[in-house]
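J.: Attaching a single structure in structure tokens format; questions to follow.
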Amino acid sequence: MKRFSSKVAIVTGGGSGIGKEVAQRLVAEGASVVITGRDAAKLDKAAAQIDPTGKHVRILAADIAKPASAKALVALATAEFGGVDILINNAGVFNPKPFLELDEDEYDGFIDIILKGKFFMAQAAAKAMQLRGGGVIVQTGSLWALQAIGATPSAAYSAANAGVHALTRNLAIELASSNIRINTVAPAVVETPVYNTFMDSEQVKAVLPTFNAFHPLGRNGQPADVAEAILFLASEQASWITGTVLPVDGGVTAGRI
């Protein structure tokens, strides 16, 4: 029996990186998935890799910062696959910039995409999960909400993710009576395309290896490292875990070498 047989999942930020890895593994373990992101072409390409048959994957290009997008994703999952059992609340944005240089539009971008987007996505999914007798939400938070990292100044990003962590604990209490669990993973440096949004590929190639030693285990994370933790929290194996924030960070929160 596959862990996610007959389950229906929504994966935000599912076109690349951690979200794509999770969607691929969900389908391999029996689920049907709806993936979303802002780039339709990228989603098409990801969907073909996630499920070449096309039977168990649907896409919706949308801006997760808008609550209407959350409702549309739930409507699509319900129309195509019958409902929602799992939400992987993963979409985010990252762009280090000193606090004294950050303007209001940039601040709003972090809050809207990371916190507001996850808030209303969780709300729409939870309403659908109640119709199924329960469900599971797993969110992507951040190590940067647990610790400040001088090399990557990220005040607004960190504050938004701290909100995601607080949301996790609050929803765990509010949704427990509906048999809905919610947990969050807090990754350190994971090698995903997010770094290409503020560096060119040559810079990424030069800068990312410098972070290997930042992690006590000696290497940056890969999408698969975080995906494994997310899938565990989404599965019945974690049926007595809710309201947790799990660092998936190569040992960074343990201390310094």
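J.: Can we say Arg169 is more than 15 Å from Phe110 (Cα to Cα), among the charged types (D, E, K, R) and surrounded by 22 or more Cβ atoms within 10 Å (Cβ to Cβ)?
T.: No: the conditions fail for Arg169.
J.: How about the range 85-106: which of its residues are outside any loop (DSSP other than H, G, I, E, B), buried (at least 17 other Cβ atoms within 10 Å of the Cβ) and over 11 Å from the mean Cα position of the chain (by Cα)?
T.: The answer is Ile86, and nothing else.
J.: Further question on the same structure: Return a yes/no flag: does the range 51-71 have any residue that is in a helix (DSSP H, G or I), within 23 Å of Ile180 (Cα to Cα) and over 17 Å from the mean Cα position of the chain (by Cα).
T.: yes
J.: Quick check on this structure: which one of Lys127, Lys118 is at pLDDT 95 or above, assigned to a helix (DSSP H, G or I) and surrounded by fewer than 16 Cβ atoms within 10 Å (Cβ to Cβ)?
T.: The match here is Lys127.
J.: Test each condition in (1) touching a strand residue (DSSP E or B) at 6+ places or on another chain (Cβ under 8 Å); (2) in a helix (DSSP H, G or I); (3) closer than 24 Å to Leu115 by Cα for Thr36 and report the one that comes out false.
T.: (2)
J.: Quick one: count up the residues across the range 67-87 that are out of contact with any Leu (no Cβ under 9 Å at 6 or more places or on another chain) and without any contact (Cβ under 8 Å) to a residue 40 or more places away in the chain.
T.: Residues that pass the stated criteria total 3.
J.: Also, quick follow-up: Considering each of Val194, Val245, Val226 in turn, give the residue that is surrounded by 15 or more Cβ atoms within 10 Å (Cβ to Cβ) and in contact with a His (Cβ under 8 Å, 6 or more places away or on another chain).
T.: Going through Val194, Val245, Val226 in turn, just one is surrounded by 15 or more Cβ atoms within 10 Å (Cβ to Cβ) and in contact with a His (Cβ under 8 Å, 6 or more places away or on another chain): Val245.
The values are calculated or read from the model by the stated rules, or taken from the named source; none is laboratory data. Small disclaimer: the values here were computed from a predicted structure and weren't measured. Positions of Cβ are generated from backbone atoms using ideal geometry, with glycine treated the same way; all protein chains shown enter the neighbour counts.
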